[in-house]
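I have a structure here, written as structure tokens, and I will follow up with some questions on it.
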Amino acid sequence: MEAAPGSTEKASVGYSNSTVDRWLSGTNQVPEMALELIDLKLAGKEEHPDPWQRLIRQPMPYADQRELEADLAAVLQQIERGQLPRTGRTSRPLVLQRAGYWLELIAHLGGPRFKPQRERLLEEAAKLGKRLNGRVEPEPLRAGQRVQGPIIDDLAKKWGLTRGADIRRFRQLALTGHV
């Protein structure tokens, strides 16, 4: 049985309606855990998951490079139209690392196609870097990826990733929209 609006009884989801009302009014901040749960639930209801969220969250490995590039191409099209990808309020370091890496890579190597968005992309990447607050552990850019040998990609090193994107393929994708 659900609590009446404005009551302090706990609703079936674990929070009282008055607590949720305070979140919606801005009186209290929504806990990070609640926001991540909402993101996960919304992503599960979508027919076609957001390509940006797939790129940065990747709970499962991409089947192949083309699947990753299809998501990246969709993100590049959104950015070209002026829609900067939203990372959300997650505090998970790996999500922040991947998002910062992709934003900075697009800004630096996206070519003239992304010049109008370059400053905004770099600003957003810098914000994500601050949110990481030094909590960087070596992680893969792609789920399930294993790396042997030294990391030679300076941008991947900066973001604490064990390996970056295939730069040749990325540049072709950024310039032409396909590989």
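The values are calculated or read from the model by the stated rules, or taken from the named source; none is laboratory data. Source: prediction; values computed, not measured. Don't worry about glycine lacking a Cβ; one is built from the backbone with ideal geometry, like all the others, and counts go over all protein chains shown.
Inspect all residues belonging to the stretch 164-179 and state whether any of them is closer than 30 Å to Ala34 by Cβ and either out of contact with any Ser or Thr (no Cβ under 9 Å at 6 or more places or on another chain) or not in a helix (DSSP H, G or I) (or both).
Residues of the stretch 164-179 closer than 30 Å to Ala34 by Cβ: none.
No, that holds for no residue.
Does any residue of the stretch 56-68 turn out to be farther than 20 Å from Lys130 by Cα, hydrophobic (A, V, I, L, M, F, W, C), exposed (fewer than 12 other Cβ atoms within 10 Å of the Cβ) and modelled with pLDDT under 90?
So far as the stretch 56-68 goes, yes, one or more of its residues are farther than 20 Å from Lys130 by Cα, hydrophobic (A, V, I, L, M, F, W, C), exposed (fewer than 12 other Cβ atoms within 10 Å of the Cβ) and modelled with pLDDT under 90.
While we're looking at this one, here's another question. When you scan the stretch 73-93, how many residues do you find that are at pLDDT 80 or above and under 12 Å from the mean Cα position of the chain (by Cα)?
Within the stretch 73-93, residues that are at pLDDT 80 or above and under 12 Å from the mean Cα position of the chain (by Cα) number 10.
So that you can scan it fast, the table gives a plain yes or no per residue for (1) touching a strand residue (DSSP E or B) at 6+ places or on another chain (Cβ under 8 Å); (2) charged (D, E, K, R); (3) closer than 15 Å to Ile56 by Cα; (4) not assigned by TED's automatic domain parsing to the domain that holds Ala74:
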position	(1), (2), (3), (4)
Arg92	no, yes, yes, no
Leu103	no, no, yes, no
Gly111	no, no, no, no
Leu122	no, no, no, no
Arg169	no, yes, no, no
